[in-house]
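The values are calculated or read from the model by the stated rules, or taken from the named source; none is laboratory data. Keep in mind it's a predicted model, so treat the numbers as computed, not measured. Here the Cβ positions follow ideal geometry from the backbone for every residue, glycine too, while neighbour counts run over all protein chains shown. Quick note on the areas: whole protein, heavy atoms, side chains included, nothing else; ligands and nucleic acids left out. Shrake-Rupley method; radii C 1.70, N 1.55, O 1.52, S 1.80 Å.
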Amino acid sequence: MRTHAQAVVIGGGVIGCSILYHLTKLGWTDVVLLERSELTSGSTWHAAANIHGLHDSTNISRLQHYTMTLYKELEAETGQSCGVFQPGSLYLAQTREREHQLRLQEAKARRYGMNFHEVSRDEAERLHPLVNYDGIRCIMFEPDGGNVDPSGVTNAYAVGARQRGAEIHRFTPVTGTEAQRDGTWIVRTDKGDIRTPWVINAAGLWGREVAALAGLELPLLPTEHQYFVTETIAEIAAMDRRLPSVADRDGEYYLRQEGQGLLVGAYERDVRFWAEDGTPQGFGHELFPDDLERIEDNMIRAIDRVPAVGEAGIKRVINGPMIWSPDSNVLFGPVPEMTGYFCCNGIIPGFSQNGGMGKMAAEWIIEGEPSLDLFGWDMARFGAWAGKAFTRARVADQYAHRFKIHFPNEERAAGRPVRTRPAFAMQKDMGAVFGLNNGWEHPLWFAAEGEPTEETYGFTRQNWWAPVGREARMLRDRAGIIDISNFAKYRVVGAGAENWLNAVFANRMPVKVGRSCLTPLIGKRGGIAGDFTVTRLDPHDFMIVGSGMAERFHQRFFKAVPLPDGTHFDSLTEVMCGFNVAGPMARDLLQRLTNTSLANEDFPFLHSRRITVAGIELVAIRVSFTGDLGWELHCPAEHQVALYQALLDAGREVGAGPVGSRALMSLRLEKGYGSWGREYSPEYWPQESGLARLIELDKNFLNKDRYLEVADNPPRELLSILSIEAETADASGGEPIFLPDGTPAGQVTSGAYGYHVGQSLALGYLKAGLAGPGDTVEVAILGQPHRATVLSEPPFDPDGTRLRS
């Protein structure tokens, strides 16, 4: 066994072997995989191994499509069969909402050249004559859908990796992972130790235990999961072809051919957790006792849809474990607090995602960043706040509602609240409806008297649409008070603070005390890794405000530049709260509470200072994400309630009141402001997202060399604002954009109704040269074409008159 390696993968399931294979494919051949038992032990070997290409997330769809097309290539390259069956998959919609979802996915497939299209009932009956299609509103067909052999795929990756020089050691459990002072790791086994710069935890059911060896706790929890296979069905035995699989997600089961029978699996409401305190070390190829009564309701729905299931005997039952994260997405990426420790844990649709996951992991480890924005998978989306109680509640909800549609703007209640601010109870009494942001409860909107107090969900406009409109119009007409405590806040203090900040961020830091600047953070591929406001409070004291949900994500970048001696960097997000007071009467409202002059000549745009408001000392920054006149006020958390009450009291005198984050989304779209994780992403270059003007090339900054490699490239796509002809539904993000002749032109990144300007709006990226200001395009809202016009400027205050007045 090698004593040194470029990377050590822990875990010989399909994910670990895929990562090993893709590392070698990118040129790292001095790599090792360690497996405690046989390859595929744990949850790989008993998986149903269905494959499908479409997902609600566009990037995950692209990675699933990559995975599906990889299998045949893998077979040809290695000579190892993957047991690929691709008779296609039928997707059934029983409800209007499911039809909306499928039509949107069909539009995305057209956008990216994937094969997924609607078929008639007659065609569906020809494809799968055993299905009863009564009550089905819409049928989609994915010709490449099907299933694979779990062991075959895993061994094909292993063969491919070995052919390129990788080592695989079975029956070699890892007993320790020890971080070294030089940033490397020592991986200990009974057969010897390996020193490596990269440890990759792909340990499946043992992901928690392997993480614990490094002092890391992962929010993961296993459950039982059952499927059964029927005896031979005569109609299937008589066929000369394989039947397509059936995705009847409204029925909460999945179904495909297995041999000459059918395989039926279900995610039942009666969730059974397993090994909550740790996966037994001796577990491997065992199964749990059958318990089909638990999935009886799901079975009855499957029998109603495919009566042959009920007429056949049951040949075997598989009841095995699978391990989940709180949102059922993988925990993926380098651990921000560590050097050289990569996680890939909690994968559910492993045989649809393993190829893309391995490719992205190899890119991230070798090239420093994946080629696609994967924040929805990034382990940094969870922090220490995602403890055992939260994880248990969320996993139960995710399992029981595995096939439930996750609607735009939907906020699920399981496991909440986790973290609350001092004003939480006060806001709740005011009618606030809350959402979750990095573990924090924050107000989405406030229900006035006579308005609904709980929100509904769907693809069309919901019951919160009117209350949010009331708030947005109030702010634009008078003023509004927005809780922005969920924004990330940092402080950098010391003689080296300015130099460090200039070395991190692409813009030049403010030279004068009381000045603020907007600045991008550049990623490893020259794209936008973040956008921030930096304020100089004192000569050696700076405050940074950024995306709250990306706080842990951004730690990786801040750590990349060593702090000078005597300079300190601290997160203030937990100890400070904030409000944005914005609107044409914001100055009048605030001036009632402070002796500091807020006149434009005394407190201009992008200026800041420490002031006293209602007797509370705080930091005021003349900036507003609403695009309107406004100030951000940041105060110690213990003063949040007092400040909020004072602002509300003063607000009533000018007709202002509380405003939630849903209205903020609408307001920033009216102004054409982008948001991190939507418009601003590592996938997009600054010249594509409109942020190149904020980059100063006469200084060094993080990843400047990568930016210079792309800085002179013509934009591939351009961030654009659209006005859409929509009556019942607005864009929300992810909708494809087409030219009127059907040519794919781009996709929406954010969407909402602009209540002040009276237009349904969207921000999105359009392929350069295909469409520009004044042109007509079509946005696939609900999967259906909606006429839209590309605007030449934001519909609200395009010249910034109100913002700077």
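Observations on the structure shown:
- Where a residue in the range 501-525 is open to solvent by less than 70 Å² (accessible area, probe 1.4 Å) and small (Gly, Ala, Ser) and its partner, wherever it lies, is part of a loop (DSSP other than H, G, I, E, B) and modelled with pLDDT of 95 or more, with Cβ under 6 Å and at least six apart: Ala503/Val561; Ala506/Ile695; Ala506/Phe701; Ser516/Leu606; Gly523/Glu369; Gly523/Pro682
- Residue pairs whose Cβ atoms lie under 7 Å apart, sitting 6 or more positions apart in sequence or on different chains, and linking a residue in the range 23-50 that is closer than 30 Å to Leu90 by Cβ and assigned to a loop (DSSP other than H, G, I, E, B) to a partner that is open to solvent by 50 Å² or more (accessible area, probe 1.4 Å) and of a type outside the set (Asp, Glu), are Trp45/His285; His46/Leu287.
- Elements of type strands (runs of 3 or more DSSP E) in the range 567-666, at least 1 residues being under 30 Å from Tyr753 (Cβ atoms) and open to solvent by less than 10 Å² (accessible area, probe 1.4 Å): 576-582, 616-621, 630-636, 657-659
- If you go through the range 70-79 and keep only what is surrounded by fewer than 17 Cβ atoms within 10 Å (Cβ to Cβ) and either closer than 30 Å to Asp134 by Cα or touching a residue at least 12 places away in the same chain (Cβ under 8 Å) (or both), you end up with Lys72, Glu77, Gly79.
- Extreme residue, surrounded by the most Cβ atoms within 10 Å (Cβ to Cβ), among residues of the range 528-566 that are over 17 Å from Asp378 (Cα atoms) and polar (S, T, N, Q): Thr535
- Only one of the listed residues (Gly758, Gly764, Gly772, Gly754) is free of Cβ contacts under 8 Å to residues at least 60 places away in the same chain and surrounded by 22 or more Cβ atoms within 10 Å (Cβ to Cβ). That residue is Gly764.
- Of the residues making up the range 389-419, those that are basic (Lys, Arg) and either in a helix (DSSP H, G or I) or over 27 Å from Ala729 (Cα atoms) (or both) are Arg392, Arg394, Arg416, Arg419.
- In the range 300-330, the residues that are in contact with a Gly (Cβ under 8 Å, 6 or more places away or on another chain), farther than 22 Å from Trp45 by Cβ and aliphatic (A, V, I, L, M): Ala302, Ile303, Ala312
Each row is one residue, and each column tells you yes or no for (1) among the polar types (S, T, N, Q); (2) under 25 Å from Ile611 (Cβ atoms).
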| position | (1), (2) |
| --- | --- |
| Ala497 | no, yes |
| Asn502 | yes, no |
| Arg515 | no, yes |
| Ile522 | no, no |
| Asp531 | no, no |
| Arg536 | no, yes |
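- Just one residue in the set Arg62, Arg2 is within 23 Å of the chain's Cα centre (by Cα) and either farther than 19 Å from Cys344 by Cβ or open to solvent by 50 Å² or more (accessible area, probe 1.4 Å) (or both); that residue is Arg62.
- Consider the range 133-149 and keep the residues that are out of contact with any strand residue (DSSP E or B) (no Cβ under 6 Å at 6 or more places or on another chain) and among the charged types (D, E, K, R). The one that is surrounded by the most Cβ atoms within 10 Å (Cβ to Cβ) is Asp144.
- Here is the figure for the range 502-519: residues that are touching a Phe, Trp or Tyr at 6+ places or on another chain (Cβ under 7 Å) and in a strand (DSSP E or B) total 1.
- Here Ser371 meets each of (1) within 28 Å of Thr177 (Cα to Cα); (2) in a loop (DSSP other than H, G, I, E, B); (3) open to solvent by 10 Å² or more (accessible area, probe 1.4 Å) with one exception, condition (1).
- Checking each residue in the range 407-418 for being free of Cβ contacts under 8 Å to residues at least 60 places away in the same chain and out of contact with any helix residue (DSSP H, G or I) (no Cβ under 9 Å at 6 or more places or on another chain) picks out Glu410, Glu411.
- Residue among Gly207, Gly183, Gly160, Gly152 that is surrounded by fewer than 16 Cβ atoms within 10 Å (Cβ to Cβ) and either closer than 25 Å to His55 by Cα or modelled with pLDDT of 95 or more (or both): Gly183
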